[in-house]
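Trainee: Sharing a structure, written as structure tokens. Questions coming.
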Amino acid sequence: MKKITISLLLALMAFNAEAQSVESWVTTADGTKLLAKGQPVEFKVKSQGRQAPIIVDPRQTFQCMEGFGYALTGGSAELLMKMTPQARSRTLKELFSEDGLGISYIRLTVGASDMNGSVFSYDDMPEGKTDFKLKRFSLANDLNDVVPVMKEILQISPDIKVMASPWSAPAWMKEEYDVRGPKLRRDCYDVYSRYFVKYVQEMAKHGIRIDALTIQNEPLNNRNTPSMPWDPQDQTEFIRDYLGPQFASNGIETKIILFDHNCDRPDYPLSILSDPVAARYASGVAFHNYMGDVSAMSQMHWARPDKDIYFTEQMIVDKNGSVSKNIAPNVKRMLIDVPRNWSRNVILWNLAADPQAGPHTDNGGCPFCHGAITIDGDEISRNIAYYTLAHASAFVPSGSFRIASTAPDDPAIMLSEDEQHPEVIRANYYARSKVLPNVAYSTPDGKIILIVSNTTSSTVTFNIQYNGRYASLTLDSGAVGTYIWK
């Protein structure tokens, strides 16, 4: 009995010692530290300084995170397939393994996007010809690059989430025979819904499970090549009367996700969800943040808390070529603000590009969409989008929950000793805590993850408060840190 008691005591002592140590991973604005591991810092009984602490409270949980990742565009996959098998294997392991970047979410394009060298669908027909029975449907183009790359990724990360998004229907299904711009013909609503069914089924035959499908990438943008505008009233009819019933009758469990466009138009998905039948088929809403404010996702959550929120695209490029100069504002915008506004994932735009930011389509392709990595033959370089996402993807696995942590605009109570009576504690109320931007998670294996971004022009020493104890840490101006403890 005494032996068991001593063993338990030693175990508790070891647990408490571990719980009081904070591990840190930091990237600085000057690039001298790139996801560099720092010295551990212990939690102590008293706080240092007079600033409000970042209080982390795992008892308050919010959304479950599904993952962090990038779009595996056709161009990205093409470049990867041009590498030697050894170089490609090494690159994919760095990106997708638990010991590397830990990417846990991938967005595929249904057919070509603007980051393909040329435009194609899975059922192209000459102008004036149609294929309403989809006899010509084929994944042939994707079998050259996207499918084999995905198979290698699944060998590394079998549980990775996959979302798919179309840029356009086949040209023969549109009101004008053009991949850039015209709307979907109403008499093609049925065949286009069956086109999606075949896509999900054919990808499944290759072992690629499509977890979610957005109906149309950027339905309010007809300037990309390819692109297809789609107003919410017509999309409501498509989901309600065609796609939803087709998925149901074919036993397709892929989630139907609405909108997939900017934060300036939350009215678009809300108008579709006002139709009760269409709403029954829709699992969630996806946003980009090239326009509007990310708080639109919270507005969406408040209006329809029964629908999940996703963040599916944002390009991050440092025009000066530095991998880290703008990392603090990018981490704040993508890794802190997006999850704090209820998104269950963060997907950045374009996994890989060549040194000229290609391949991309002409007349509407993106000539400056550098990838998270640049691929030049068998050589890769890591860009700002790589290190931005890494501060979450490498530490926050799928199944983690966002938990409460003090935000800069939250009120704060700060304790201090009375000037006349040093042992007497006074409580002071502040309307705004003014802490550094941050977000916190609890992981399935019992860790706490806190991501902090110093967007100020000064070096800041800040305190983390957890279970009444304090850890004091310092971040340089423009630096970001990921902090981990049990």
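The values are calculated or read from the model by the stated rules, or taken from the named source; none is laboratory data. Keep in mind the model is a prediction, meaning the values are calculated, not measured. Heads up, the Cβs are rebuilt from the backbone with ideal geometry, glycines too, and the neighbour counts pull from every protein chain shown. The accessibility values were calculated without ligands, DNA or RNA, using every heavy atom of the protein model including side chains. Shrake-Rupley method; radii C 1.70, N 1.55, O 1.52, S 1.80 Å.
Trainee: Cα atoms only, the range 74-120: Rg and Dmax in Å?
Mentor: 12.4, 36
Trainee: Another question, if that's okay. For the chain, would you read off the P(r) tail past 39 Å as a percentage of all alpha carbon pairs?
Mentor: In whole percent, the share of Cα-Cα pairs in the chain beyond 39 Å is 28.
Trainee: Another question about this same structure. Report the Cys residues of the chain lacking a disulfide-compatible partner, meaning no second Cys Cβ under 4.7 Å from their Cβ.
Mentor: C64, C188, C263
Trainee: Using C-alpha positions alone, give me the convex hull volume of the range 220-290 per residue in cubic angstrom.
Mentor: On the way: hull volume 6.6 nm³, N = 71.
Per residue, the Cα convex hull of the range 220-290 comes to 93 Å³.
Trainee: So which trypsin sites (Lys or Arg not before Pro) in the range 84-169 are both in a DSSP loop and have at most 16 other Cβ atoms within 10 Å of their Cβ? List each step's numbers first, then the result.
Mentor: Working: sites: R88, R90, K93, R107, K129, K133, K135, R136, K151, K161; in loops: K129, K133, K135, R136.
Sparse-neighbourhood loop trypsin sites (Lys or Arg not before Pro): K129, K133, K135, R136.
Trainee: Something else now. With Rg and the Kirkwood Rh both taken from Cα atoms, where does Rg over Rh land for the range 86-202? If you can, show how the numbers build up before the last one.
Mentor: Values: Rg = 16.5 Å, Rh = 15.8 Å.
Rounded to two decimals, Rg/Rh equals 1.05.
Trainee: How long are the semi-axes of the equivalent ellipsoid of the range 229-361, taking √(5λ) for every eigenvalue λ of the Cα gyration tensor, in whole Å from largest down? Intermediate values should be presented prior to the final figure.
Mentor: Working: eigenvalues 188, 65, 32 Å².
For the range 229-361, the ellipsoid semi-axes come out as 31, 18, 13 Å.
Trainee: To the nearest 10 degrees, how steeply does helix 146-156 sit against the main Cα axis of the chain, on a 0 to 90 scale?
Mentor: Around 30 degrees separate the two axes.
Trainee: How far, in degrees from 0 to 90, does helix 2-19 lean away from the longest principal axis of the Cα atoms of the chain, to the nearest 10?
Mentor: Tilt relative to the chain: about 70 degrees.
Trainee: How far, in degrees from 0 to 90, does helix 384-393 lean away from the longest principal axis of the Cα atoms of the chain, to the nearest 10?
Mentor: 70
Trainee: Residue by residue, what Karplus-based ³J(HN,Hα) values in Hz, rounded to whole numbers, does the range 374-381 have, using 6.51, -1.76 and 1.60 with θ = phi - 60° and x for Gly and Pro?
Mentor: Karplus values, whole Hz, x for Gly and Pro: 9, 9, 10, x, 9, 9, 10, 10.
Trainee: Can you give me the % of accessible surface on the range 381-486 that is carbon or sulfur? Probe 1.4 Å, all protein chains present, nothing else counted. Let's see the in-between values first.
Mentor: Working: 2210 of 4620 Å².
In the range 381-486, the share of accessible area belonging to carbon and sulfur is 48 percent.
Trainee: Shape verdict for the range 363-413, please, from the Cα gyration tensor: rounded (a/c under 1.5), prolate (a/b greater than b/c) or oblate.
Mentor: Numbers: a/c = 3.13, a/b = 2.08, b/c = 1.50.
Since a/c reaches 1.5 and a/b is larger than b/c, the shape of the range 363-413 is classed as prolate.
Trainee: Is it possible to state the helix-based mean residue ellipticity at 222 nm for the chain, with each DSSP H run of 4+ residues giving -39500 (n - 2.57), the sum divided by total residues, to the nearest 500 deg cm²/dmol? What is it?
Mentor: Working: 13 runs with 120 residues, N = 486.
Counting only the DSSP helices, I get -7000 deg cm²/dmol.
Trainee: Moving on. Take the Cα atoms of the range 142-295, find their three principal axes, and give me the spread along each one in whole Å, biggest first.
Mentor: The Cα atoms of the range 142-295 stretch 40, 37, 32 Å along their principal axes.
Trainee: How many percent of the accessible area of the range 183-338 is carbon or sulfur, using a 1.4 Å probe?
Mentor: On the way: 2720 of 5780 Å².
Of all accessible area on the range 183-338, carbon and sulfur atoms account for 47 percent.
Trainee: What share of the DSSP beta bridges in the range 168-317 is antiparallel, in percent to the nearest 5? Numbers along the way, then the final one.
Mentor: Numbers: 1 of 17 bridges.
Of all bridge pairs located within the range 168-317, approximately 5 percent are antiparallel.
Trainee: Through the Karplus equation 6.51 cos²θ - 1.76 cosθ + 1.60, θ set to phi - 60°, convert the phi angles of the range 104-117 into ³J(HN,Hα) values in whole Hz; use x for Gly and Pro.
Mentor: Computed from phi, the couplings for the range 104-117 are 10, 9, 10, 10, 9, 9, 7, x, 7, 10, 6, 9, 10, x Hz.
Trainee: If you don't mind, another one. Let me know the longest stretch in the chain that avoids all GluC sites (Glu not before Pro) found in a DSSP loop with at most 14 other C-beta atoms within 10 Å. Present the calculation step by step, with values, prior to reporting the outcome.
Mentor: Details: sites that count: E98, E127, E175, E176, E253, E419, E423.
For GluC sites (Glu not before Pro) (loop position, at most 14 other Cβ atoms within 10 Å), the longest site-free span of the chain is 254-418.
Trainee: Also, I was wondering about something else. At a Cα cut-off below 16 Å, give the aspartates and glutamates reachable from K486, other chains included and same-chain residues fewer than 8 away excluded.
Mentor: E18, E23, E42, D57, D445
Trainee: What ³J(HN,Hα) values, in whole Hz, does the Karplus curve 6.51 cos²θ - 1.76 cosθ + 1.60 give for the range 466-474 when θ = phi - 60°, with x put for Gly and Pro?
Mentor: My calculation for the range 466-474 gives 9, 6, x, 10, 10, 10, 9, 10, 10 Hz in order.
Trainee: Averaged per residue, what accessible area in Å² does the range 16-69 show with a 1.4 Å probe, protein chains only?
Mentor: Working: 3130 Å² over 54 residues.
Heavy-atom accessible area per residue stands at 58 Å².
Trainee: OK, next. As a test of understanding, state the convex hull volume per residue of the range 30-104 from its alpha carbons, in Å³.
Mentor: Values: hull volume 16.1 nm³, N = 75.
Convex hull of Cα atoms, per residue: 215 Å³.
Trainee: What's the magnitude of the charge dipole for the chain around its Cα centre, counting Lys and Arg as +1 and Asp and Glu as -1 at the beta-carbon? Answer in Debye, nearest 20.
Mentor: 1100
Trainee: Per residue, what accessible area does the range 369-486 have, given a 1.4 Å probe and all protein chains present, in Å²? Please report the intermediate quantities before stating the final value.
Mentor: Working: 5080 Å² over 118 residues.
Value for the range 369-486: 43 Å² per residue.
Trainee: Here's a follow-up. Restricting things to alpha carbons, find the Rg to Rh ratio for the range 109-166 using the Kirkwood radius for Rh.
Mentor: Numbers: Rg = 13.8 Å, Rh = 13.2 Å.
Looking at the range 109-166, the ratio lands at 1.05.
Trainee: If you look at just the Cα atoms of the range 349-472, how large are its Rg and its Dmax in Å?
Mentor: 21.7, 74
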